[in-house]
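Just so it is clear, none of the values below were taken in a lab; they were calculated from the coordinates. Just so it is clear, the model here is predicted, and its values are computed rather than measured. Here the Cβ is made from the backbone with ideal geometry for all residues, glycine too, and neighbour counts use every protein chain on show.
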Amino acid sequence: MSDTAPEQAPPGPLILNMQYTRDLSFEVPGAPGIFATLRETPQIDLKLDVQARPIQDGQNLFEVSLEIRADAKAGDQVCFIAELTYCGIFTVNVDEQSLEPVLLVECPRLLFPFARNILAEVTRDGGFPPVFLNPIDFVALWQNRRGTADINAPPVGTA
């Protein structure tokens, strides 16, 4: 047996410490009548946004939130409105240049399957067919955001 302590591995570049539902809302404004009059498959309008913010100054801890809103309509009748904010607390050990793509691409990529499942279950439990989100290209979403972002806005991770 050796007298030396085992060497600890350096921390990884990205660690998902925890994940949680910050906000979940599901409304069926026309219930119960909507279930008797609905004759067509609702059209669903989806909106998705990713936000990231530092939790503590001087730390490598960040909260990344995946915000999803699904509005379902049949004709001019609202079937349901679902809103979900699903978050993760991440430890990020990367250089400043890599921070934004890690926070806005890699972190939401890890959160997405869980948020997708929650949205599918809540819509199914609400009496409608489950809403299954297609995979999201977070790289394209991030690049589009950078192309249309306010050039005077502070970069992600700064307060």
Q: Report, in debye and to the nearest 20, how large the dipole of segment 1-122 comes out about its Cα centre when Lys and Arg carry +1 and Asp and Glu carry -1 on their Cβ.
A: 480
Q: Using the charge dipole of segment 5-116 (Lys, Arg: +1 at Cβ; Asp, Glu: -1 at Cβ; taken about the Cα centre), state which of 52, 115, 62 has its Cα farthest towards the positive end.
A: 115
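Rg to Rh ratio, segment 1-135, alpha-carbon atoms and Kirkwood radius?
Numbers: Rg = 20.2 Å, Rh = 17.2 Å.
A ratio of 1.18.
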